[in-house]
Amino acid sequence: QVQLVESGGGLVQAGGSLRVSCAASGSTFSNDAMGWFRQAPGKEREFLGAITWSGGITYLAAFVKGRFTISKDNAKSTVYLQMNSLKPEDTAVYYCAAISDYQTKHLNEVDEYDYWGQGTQVTVSS
């Protein structure tokens, strides 16, 4: 059983930066990786990236490479999404999620994840 809580969302101007956090509790290491997704109104939830608990290997969607990075703090059971050079089109609700045995699954597929946080709103003004 895993509980995930996102925080750090808010309003930021275009070109600015923001870091959102996801605090995990429960049996976090029974889940092999943590993913970040976002969903804008009228759009499908889209994969941003993921990080493995063991080793800290990261995977990023091509369209966010160079602007977004993912990191973690095992001692705090927390993962982070650092977002730089934000654009208005980045406005969305940002979610973290937990997945087990990721090497046999599709990290970019919503249905593969076992647990989800409640999401945090990020709004980028032009």
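The values are calculated or read from the model by the stated rules, or taken from the named source; none is laboratory data. Just so we're clear, the structure is a prediction, and the values are computed from it rather than from any experiment. No Cβ is skipped: glycine too gets one built from the backbone with ideal geometry, and neighbour counts run over all protein chains shown. Calculation scope for accessible area: heavy atoms of the full protein, side chains included, ligands and nucleic acids excluded. Shrake-Rupley method; radii C 1.70, N 1.55, O 1.52, S 1.80 Å.
Points worth noting:
- In the chain, Cα pairs under 8 Å separated by at least six residues give a relative contact order of 36 percent.
- Segment 15-59: trypsin sites (Lys or Arg not before Pro) in DSSP loop, at most 11 other beta carbons within 10 Å: K43
- The longest part of the chain holding none of the exposed loop GluC sites (Glu not before Pro), meaning those outside H, G, I, E and B in DSSP with at most 11 other Cβ atoms within 10 Å, is 45-108.
- Computed with a 1.4 Å probe over protein heavy atoms only, the accessible area of S85 comes to about 60 Å².
- Extended-chain gain in nm, criterion 0.36 nm per residue less alpha-carbon gap, A62 and E44: 4.8 nm
- Spin-label model, Q103/S125: points 7 Å from Cα along the beta carbon direction are separated by 4.8 nm.
- Efficiency of FRET between Q82 and S54 - r from beta-carbon atoms, R0 22 angstrom, step 0.05: 0.55
- Backbone phi angles across segment 68-76, fed through the Karplus curve with coefficients 6.51, -1.76 and 1.60 (θ = phi - 60°), yield HN-Hα couplings of 10, 9, 10, 9, 8, 10, 4, 4, 9 Hz in residue order; Gly and Pro are listed as x.
- For the pair S17 and S71, label points projected 7 Å from Cα toward Cβ lie 0.9 nm apart.
- For D111, the shell of other residues with beta-carbons less than 13 Å away shows a net charge of -2, using +1 for Lys and Arg and -1 for Asp and Glu.
- Carbon + sulfur, % of accessible area of the chain - ligands and nucleic acids excluded, 1.4 Å: 46
- Where segment 85-126 is the region considered: accessible area per residue in Å², 1.4 Å probe: 51
- Solvent exposure of segment 18-69, expressed per residue, is 47 Å² of accessible area, with all protein chains present and a 1.4 angstrom probe.
- Based on every Cα atom in the chain, Rg and the maximum pairwise Cα distance Dmax equal 13.6, 41 Å.
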